[in-house]
Amino acid sequence: MKYRIPILIMLTVATLSTTPVRAHGEAHGKKSAKPTALNPEEKTFGKQGDPKKIMRTIHVDMNDRMRFTPAALTVKQGETIRFIVKNSGKVMHEFVLGTIAELKEHAELMKKFPNMEHDEPYMAHVPPGKTETIVWQFTRIGEFHFGCLLPGHFEAGMVGKISITRR
């Protein structure tokens, strides 16, 4: 009996401290109506770019042949890029930046939860005939990738490469 209260407190704290799983619905990739502050969190492949400091714009096309055009990019370390991503296909596609390992892991997760919601600055979920924009700063030298992680798309070859070089 004397352990009952501490156990209840521990269970309550554990329950409240877990990260909630986002709902799986049609809002995958929808951006909020209000502008959001820059995310200071840096990923291995960079961080959200400041729209006032864009150095270059790169247009990327996605299509139903499960390909990106261009499929390979070279960016200088520190560059802030505005990606204008167009879906010229007839099915939903997405453009997600990351390491190849992160993209593969997320693609597997998408197979289990195909309608998973996302609202990350390095992801654009683009309906057919539409365009979305991502502003990203590449802070580290290396090889990174972008891919469409909708079930079957990544596996069909819908992946591209970004080489980050020294200034």
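The values are calculated or read from the model by the stated rules, or taken from the named source; none is laboratory data. Bear in mind that the values here come from a model prediction, so they are computed numbers and not experimental data. Glycine gets a Cβ as well: all are built from the backbone with ideal geometry, and neighbour counts include every protein chain shown.
All conditions in (1) modelled with pLDDT of 95 or more; (2) part of a loop (DSSP other than H, G, I, E, B); (3) over 24 Å from residue 41 (Cα atoms) hold for residue 78, with the sole exception of (3).
Per the conditions (1) on the phi > 0 side of the Ramachandran plot; (2) without any contact (Cβ under 8 Å) to a residue 40 or more places away in the chain; (3) of a type outside the set (A, V, I, L, M, F, W, C), the sole criterion not satisfied by residue 78 is (2). Please tell me if residue 67 is of a type outside the set (Asp, Glu) and within 15 Å of the chain's Cα centre (by Cα). So residue 67 fails the test. Counting only residues that are under 19 Å from residue 68 (Cα atoms) and out of contact with any Pro (no Cβ under 9 Å at 6 or more places or on another chain), region 102-120 holds 4 of them.
Residue 46: surrounded by 10 or more Cβ atoms within 10 Å (Cβ to Cβ) and either under 22 Å from residue 135 (Cβ atoms) or modelled with pLDDT under 60 (or both), yes or no? Spelling it out, residue 46 is indeed surrounded by 10 or more Cβ atoms within 10 Å (Cβ to Cβ) and either under 22 Å from residue 135 (Cβ atoms) or modelled with pLDDT under 60 (or both). Scoring residue 93 on the criteria (1) surrounded by 21 or more Cβ atoms within 10 Å (Cβ to Cβ); (2) more than 17 Å from the chain's Cα centre (by Cα) leaves a single failure, condition (2).
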